[in-house]
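> Dumping the structure here so I can ask a few things about it.
The values are calculated or read from the model by the stated rules, or taken from the named source; none is laboratory data. Computed from a predicted structure; not experimentally measured. Cβ atoms come from the backbone with ideal geometry, glycine included; neighbour counts cover every protein chain shown. Side chains are part of the model used for accessible areas, which takes the heavy atoms of the whole protein and leaves out ligands, DNA and RNA. Shrake-Rupley method; radii C 1.70, N 1.55, O 1.52, S 1.80 Å.
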Amino acid sequence: MAKLIQSIRGMHDVLPDDSHRWQAFEAIIRQLMATYGYKEIRMPLVESTDLFCRSIGEVTDIVEKEMYTFEDRNGDKLTLRPEGTASCVRAGVQHGLLYNQVQRLWYSGPMFRHERPQKGRYRQFHQFGVETYGIATPDIDAELILIGARLWKQLGLKGIRLELNTLGSNEARTEYKKVLVDYLNQHKELLDEDSLRRLTTNPLRVLDSKNPAMSEMLDNAPTLFDHLDEESRQQFDKLKTSLEATGVEYTINPRLVRGLDYYCKTVFEWVTDDLGAQGTICAGGRYDGLVEQLGGKATPAIGFALGMERILSLLEAQQEQKADSVDVYLVLLGEACELKGLQLAEGIREQMPEVKMITHCGGGSMKSQLKKADKSGANIAVILGEDELNNKQVTIKYLRERKDQKTVGFNELATFIAA
Ligand code: ATP
Ligand code: MG
């Protein structure tokens, strides 16, 4: 029998039973983009290698080791696109879409990166991306973030956090780089091989390292905030005000520098804890210098791209949980608490018949009960131990959100759960 030919490692078929999930996702994107007044742009899958080297940056993961580059029959050096922004700028300049105009654009389609395949990381994957041109003010930064927030809402995704940072102007970054390099040189013994190399070629990228051995040292590094130029600081403040006014929660992550060279000022990532190591589902930022760098007239620009496979697997993970998960898991430590717990639970069921709640049975340590609570899919664990019992209160532990635990009196528990 002839040998079977398989698909390329890290490149996957979407099978008939699965394609409807892609179609539904794509339909939501298309509709959402229309409601914000964005137009679709479609670029080729193959570009000159030079385009990516000049835009993404020579000392980045993508250009250093991830591109599918080949020579075609004419001997031209070509690359399967690893991302969409560079092509979008190239197309915009080439067709005169950018100069003195405002453009709100989106694209979606396959991207190619030669990475080690694992869950959430493929060699052919799909991105949906948004790019805007001609708007220098942070109102557009806010709009892009709001589009993301609305998309999560429309998809029914939960527990997605926004991380935000500003990279400042080019001058501010140059200034900061010196300070950072000094600091990193003082901790040279902690730097891994990649970081040692980047220390001389692209020191900001060291902050991006995911090596846990360097994490503490990097957390204590001087931050760009202290070297920020006034304009970037003002723009960042305005963005934060817009997000607060529209109810978008964020955390500031001074180590967020993004993996591509062309970013400046606002950068952001949407992250989830539900996908393991590949937790960034969407990332973007401002790239005011790129259009000029690629031969166009200076044009302010900002965009983001999301990984469609990661979103789809997040949807799957959360919807499975939704199907048969409960809202509350009652953790009871010791006999006296078990009895009181039973009363509390019945009181809640009486008042709120719709609440799905598991009362722990069979005893066991806090740790083992919390494990079961987590597995149950509950959003909160309500913990009743001896101390709580004496104070007539319970401790609430959030299982799906990064929130501090809190105490709630017996009498207020039902109202708390209802909220
Ligand atoms: P990571 O740090 O996970 O490698 P990145 O910084 O290289 O991500 P970007 O270039 O910003 O990613 O791409 C935007 C989004 O595209 C990512 O947040 C992610 O959701 C998705 N993505 C990137 N690379 C892959 C891949 N190899 N497979 C699947 N999705 C990917
Ligand atoms: Mg990457």
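> Quick test for you: out of G57, G37, G75, pick the one residue that is of a type in the set (G, A, S) and open to solvent by less than 30 Å² (accessible area, probe 1.4 Å).
G57
> Name the residues in region 270-288 that are modelled with pLDDT under 90 and more than 9 Å from ligand 1 (Cβ to nearest atom), would you? Show your work before the answer.
Start the filter on region 270-288 by keeping residues that are modelled with pLDDT under 90, which leaves 276-278.
The answer is G276, and nothing else.
> Can you find, within region 227-280, the residue that is farthest from K65 (Cα to Cα) among those that are touching a Phe, Trp or Tyr at 6+ places or on another chain (Cβ under 6 Å) and of a type in the set (F, W, Y)?
Y263
> With (1) under 25 Å from K265 (Cβ atoms); (2) in a helix (DSSP H, G or I) as the list, and N185 as the residue in question, which single condition is left unmet?
All conditions are met except number (1).
> Let me ask you something else. Based on what the data block shows, is G377 surrounded by 17 or more Cβ atoms within 10 Å (Cβ to Cβ), closer than 26 Å to R161 by Cα and not aliphatic (A, V, I, L, M)?
yes
> Which pairs turn up if I take residues in region 60-78 that are in contact (Cβ under 8 Å) with a residue 24 or more places away in the chain and closer than 11 Å to F112 by Cβ and look for partners that are part of a strand (DSSP E or B) and among the polar types (S, T, N, Q) with beta carbon separation below 9 Å, at least 6 apart in sequence or on another chain?
Qualifying pairs under 9 Å: M67/T79; Y68/T79.
> Look at L105 and say whether it is aliphatic (A, V, I, L, M), within 15 Å of ligand 1 (Cβ to nearest atom) and in contact with a strand residue (DSSP E or B) (Cβ under 6 Å, 6 or more places away or on another chain).
Working: aliphatic (A, V, I, L, M): yes; within 15 Å of ligand 1 (Cβ to nearest atom): no; in contact with a strand residue (DSSP E or B) (Cβ under 6 Å, 6 or more places away or on another chain): yes.
No.
> Could you grab me the full set of residues in region 401-419 that are open to solvent by 100 Å² or more (accessible area, probe 1.4 Å) and either part of a strand (DSSP E or B) or among the β-branched types (V, I, T) (or both)?
none
> Tell me, which helices (runs of 4 or more DSSP H) lie completely within region 9-105 with 3 or more residues that are within 22 Å of the chain's Cα centre (by Cα)? It would help to see each step written out before you state the result.
Numbers: elements: 19-35, 49-56, 85-94.
The helices (runs of 4 or more DSSP H) meeting that bar are 19-35, 85-94.
> Could you run through region 204-230 and say how many residues are charged (D, E, K, R) and within 16 Å of ligand 1 (Cβ to nearest atom)?
Of the residues in that region, 3 qualify.
> Which ones in region 114-148 are in a helix (DSSP H, G or I) and within 16 Å of ligand 1 (Cβ to nearest atom)?
L144, I145, I147, G148 - these are the residues of region 114-148 that are in a helix (DSSP H, G or I) and within 16 Å of ligand 1 (Cβ to nearest atom).
> Just one of R286, R258, R233 is touching a residue at least 12 places away in the same chain (Cβ under 8 Å) and surrounded by fewer than 17 Cβ atoms within 10 Å (Cβ to Cβ); which is it?
Residue meeting the stated conditions: R233.
> A follow-up question, please. So which residues in region 59-89 are more than 16 Å from ligand 2 (Cβ to nearest atom) and either closer than 17 Å to D208 by Cβ or of a type outside the set (D, E) (or both), if there are any at all?
Selection gives T69, F70, R73, N74, G75, K77, L78, S87, C88, V89.
> Within region 1-34, track down each residue that is open to solvent by less than 60 Å² (accessible area, probe 1.4 Å), aliphatic (A, V, I, L, M) and under 30 Å from D76 (Cβ atoms).
Within region 1-34, just M11 meets the criteria.
> Related question: Here's a check for you: in region 216-227, which residue that is out of contact with any Lys or Arg (no Cβ under 9 Å at 6 or more places or on another chain) and assigned to a helix (DSSP H, G or I) is nearest to Y176 (Cα to Cα)?
Out of the qualifying residues, it is D226.
> So which residues in region 270-300 are outside any loop (DSSP other than H, G, I, E, B), touching a Gly at 6+ places or on another chain (Cβ under 8 Å) and away from ligand 2 (no atom under 15 Å from the Cβ)?
The answer is W270, V291.
> Considering only region 114-157, state which residues are of a type in the set (D, E) and farther than 25 Å from S242 by Cβ.
E115 - this is the single residue of region 114-157 that is of a type in the set (D, E) and farther than 25 Å from S242 by Cβ.
> Then there's this: Among the residues of region 253-269, how many are at pLDDT below 95, β-branched (V, I, T) and away from ligand 2 (no atom under 16 Å from the Cβ)?
0
> So how many residues does region 179-196 have that are touching a residue at least 12 places away in the same chain (Cβ under 8 Å) and of a type outside the set (S, T, Y)?
Total meeting the criteria: 10.
> Restricting region 154-182 to residues that are part of a helix (DSSP H, G or I) and closer than 30 Å to D274 by Cα, which is least open to solvent (accessible area, probe 1.4 Å)?
The qualifying residue least open to solvent (accessible area, probe 1.4 Å) is L155.
> Among what's in region 324-346 and is touching a Leu at 6+ places or on another chain (Cβ under 8 Å), part of a helix (DSSP H, G or I) and of a type outside the set (D, E, K, R), pick the residue that is surrounded by the fewest Cβ atoms within 10 Å (Cβ to Cβ).
For region 324-346, the residue satisfying everything is A336.
> Related question: So if I check each of R205, R233, R198, which one is assigned to a helix (DSSP H, G or I) and in contact with a strand residue (DSSP E or B) (Cβ under 8 Å, 6 or more places away or on another chain)?
Being assigned to a helix (DSSP H, G or I) and in contact with a strand residue (DSSP E or B) (Cβ under 8 Å, 6 or more places away or on another chain) holds for just one of R205, R233, R198, which is R233.
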